[in-house]
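Please read the structure below before turning to the comments.
Bear in mind these aren't lab numbers, they're just calculated from the coordinates by the rules spelled out. This one's a predicted model, so the numbers in the text were calculated from it and none came from an experiment. Here the Cβ positions follow ideal geometry from the backbone for every residue, glycine too, while neighbour counts run over all protein chains shown.
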Amino acid sequence: MVNCGVCSDCKEANTGYAWCNKCDPGRFKKEGITSGNDELDKLICERQQQTLHFYDNFEWITYDKFSEVETIGEGGFSIIYSGFLFWIIHERRN
Ligand SMILES: [Zn+2]
């Protein structure tokens with residue numbers, strides 16, 4: 001088994017690289033980085049409970065993290081945008 005360090009919150013072994021499956025799912029809500037939509041936040045939380053490593057994490061990324069945003073499609077009830085994500089990795093506690 002690979003040593004992935006210790007969770008800074010529960011002090012137990014991380015379940016994967018920089019990830020504690022007990023403490024990290026839903027952390028974004030405690031940090032106030034939500035989508036603003038309860039259903040979407042619930043979906044993100046459920047997906048995070050299946051996450052093994054931080055780099056495989058499913059998370060909400062705010063619009064301001066993208067650059068060169070362009071409309072590439074529109075119809076029905078949606079608008080589809082394209083853009084570059086210049087923010088990929090944020091600092092982890094462990
Ligand atoms: Zn933990």
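With contributions of -39500 (n - 2.57) from each DSSP H run of at least four residues, the per-residue ellipticity at 222 nm computed over the chain stands at -4000 deg cm²/dmol.
Of 33, 13, 51, which is farthest on the positive side of the dipole of the chain, counting Cα position, with +1 on Lys and Arg Cβ, -1 on Asp and Glu Cβ, and the Cα centre as origin? The residue sitting most towards the positive pole is 13. When 45, 7 are sorted by how many other C-beta atoms sit within 10 angstrom of their C-beta, beginning with the fewest, the order is 45, 7. Note on the chain: Lys pairs 8 or more places apart or on different chains, Cα atoms under 19 Å apart, count 7. If you model the chain as an ellipsoid using its alpha carbon gyration tensor, with each semi-axis the square root of five times an eigenvalue, the axes come out at 30, 15, 11 Å, biggest first.
The ranking of 41, 24, 56, 64 from fewest to most other beta carbons within 10 Å of each one's beta carbon is 64, 56, 41, 24.
Within the shell of other residues whose beta carbon sits under 13 angstrom from the beta carbon of residue 56, the net charge comes to -1, with Lys and Arg scored +1 and Asp and Glu -1.
Could you tell me the relative contact order of the chain? Use alpha-carbon pairs under 8 Å, at least six residues apart, and round to a whole percent.
Across the chain, relative contact order equals 23 percent.
Its Cα centre serving as origin, the range 14-94 has a Cβ charge dipole (Lys and Arg +1, Asp and Glu -1) of approximately 480 debye.
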